[in-house]
1. Any chance you could run the full-extension gain for Thr118 through Val130? It's 0.36 nm times the residue separation minus the Cα-Cα distance, nm to one decimal.
2. By its C-alpha gyration tensor, with a ≥ b ≥ c as the square roots of the eigenvalues, how is segment 78-133 shaped: rounded for a/c under 1.5, else prolate for a/b larger than b/c, else oblate?
3. Given a Förster distance of 30 Å, report the FRET efficiency between Ala56 and Ala96 from their Cβ-Cβ distance, rounded to the nearest 0.05.
4. How much length is gained on full extension from Val85 to Arg24, taking 0.36 nm per residue of separation minus their Cα-Cα distance?
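FYI, it's all coordinate maths here, none of it is from the lab. None of these values were measured; they are calculated from a predicted model. Here the Cβ positions follow ideal geometry from the backbone for every residue, glycine too, while neighbour counts run over all protein chains shown.
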Amino acid sequence: MGGRQRPPRARTPRQGRPVGARPRVNSRAEFARIEGFLAWEAEVAAAERDARAFAAQFPWLPAAERESLEQAYAADRLRYAEEVVDRAVERCRRLAARYRVECRRICARWAALCLSVTVAAALFAVVPAVLRG
């Protein structure tokens with residue numbers, strides 16, 4: 001019962017680089033990609049193992065039907081696992097977008113505060129000199 005691999009998701013385009021040039025490798029992204037691949041392969045193996053255990057509960061079924069039952073069980077479990085992963089990825093994307101917006105807002109507040117303090121300090125330095133002279 002060959003495992004069904006999850007189709008690869010969108011990848012970064014590799015267009016626009018000179019022929020023969022080596023692509024830049026983002027080691028964190030590569031490690032995450034490899035980790036995801038290994039996690040998915042473990043899920044496929046677990047689904048196949050559990051499918052065999054489930055089908056073994058029906059010893060009266062002919063071998064072909066048991067095989068069909070195993071494949072249906074594994075496919076259903078992998079479909080569910082894909083949905084779980086897709087929901088988690090979407091949640092991460094939404095959180096990342098929200099955190100980026102919040103970070104920009106905080107940075108803008110800090111910039112405004114620093115600018116205000118700088119302007120106030122400049123005024124306190126200039127105003128006494130203007131009043132004296």
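1. Here the segment from Thr118 to Val130 would lengthen by 2.5 nm.
2. prolate
3. FRET efficiency, Ala56 to Ala96: 0.10.
4. Working it through step by step, the gained length comes to 19.2 nm.
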